[in-house]
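The values are calculated or read from the model by the stated rules, or taken from the named source; none is laboratory data. Model, not experiment: these values are computed from the prediction. Note that each Cβ is placed from the backbone with ideal geometry, even for glycine, and that neighbours are counted across all protein chains shown.
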């Protein structure tokens, strides 16, 4: 063996040892015998949970291994998110993140995880329009009529708030500012928990995921006043957008993304990204997601998800200063 060959072998050995010591492997990939778990930090039966179950079916086929869904609700999503932040960086524990992933740390004083530093992006999944609704017993036929009613009764009407920093919460708070009305937030652990009170008329207003609202809109139990989307939705084409009603500045379109704990090896992130992308390309999964009121997006790359998280964190930090929303 000549000297150059010897040096190359030594350097390769040192590099391999360094990678192993740091927990990184250039050959890292998921073992097909072990299940991957997607943690949903919201209640079972809600739209994020249902979306994760559809995604898991497609990813399981792509990875040729089980992909499970584990709802861990509580603290506006902070409990399940903390669980993933503290999990091993091996790709077997993932998070279905929504907009509240970046807003929670800005609004909740007890959140100890960082939405950017403690996570690695895997894939973009979808956007999720919501619908402004009132119970049919309220007898208003438009958003402008509701605004007029709320202005005539400042502080007397309330709304379902399914989590601090969720798109439903922020849309309503921005609408309150834009419309100069005062309605009171009634907090719940999630949309399913507050829905019975809304249907009974104990709550006067809500922003709901389309999948949640649609059956009750069709049955006449809820009245749809506006959709939070760039354009009208095919499932309820007669319902105007917030912009059409004159409140474009109140629109907050939520997103869904798949994340892993920070320092998950790049090859594992790529493997998971490709599986998510394959699932999202499945026409059956696409249709079933759209039936839930969720609109699939291109998966992008892990690096693109990382950049999105940084941008969203900066955006909402500045927005909350302007809105005078402080940590609670």
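See the values below:
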quantity	calculated
Some residue of segment 95-108 being closer than 17 Å to residue 38 by Cβ and not in a strand (DSSP E or B)	yes
Sole exception among (1) in a loop (DSSP other than H, G, I, E, B); (2) out of contact with any strand residue (DSSP E or B) (no Cβ under 7 Å at 6 or more places or on another chain) for residue 82, by number	(1)
Condition met for residue 121 (part of a loop (DSSP other than H, G, I, E, B) and either over 14 Å from the mean Cα position of the chain (by Cα) or in the same structural domain as residue 264 (by the TED database) (or both))	no
Boolean, residue 260 is assigned by the TED database to the domain that holds residue 306 and in contact with a strand residue (DSSP E or B) (Cβ under 9 Å, 6 or more places away or on another chain)	yes
Hey, residue 160 surrounded by fewer than 20 Cβ atoms within 10 Å (Cβ to Cβ), more than 18 Å from residue 243 (Cα to Cα) and either modelled with pLDDT under 95 or not assigned by the TED database to the domain that holds residue 48 (or both) or not	no
Residue 115 being assigned by the TED database to the domain that holds residue 301, buried (at least 23 other Cβ atoms within 10 Å of the Cβ) and in a helix (DSSP H, G or I)	no
Segment 287-324 - residue that is farther than 22 Å from residue 130 by Cα and in a loop (DSSP other than H, G, I, E, B) and, of those, modelled with the lowest pLDDT	324
Entirely in segment 168-286, the strands (runs of 3 or more DSSP E) that have 1 or more residues that are surrounded by 22 or more Cβ atoms within 10 Å (Cβ to Cβ) and at pLDDT below 95	205-209, 222-228, 254-261
Inter-residue pairs, beta-carbon under 6 Å, first assigned to a helix (DSSP H, G or I) and in segment 45-56, second surrounded by fewer than 23 Cβ atoms within 10 Å (Cβ to Cβ) and at pLDDT below 95, 6+ apart	47/211; 47/292; 50/292; 54/288
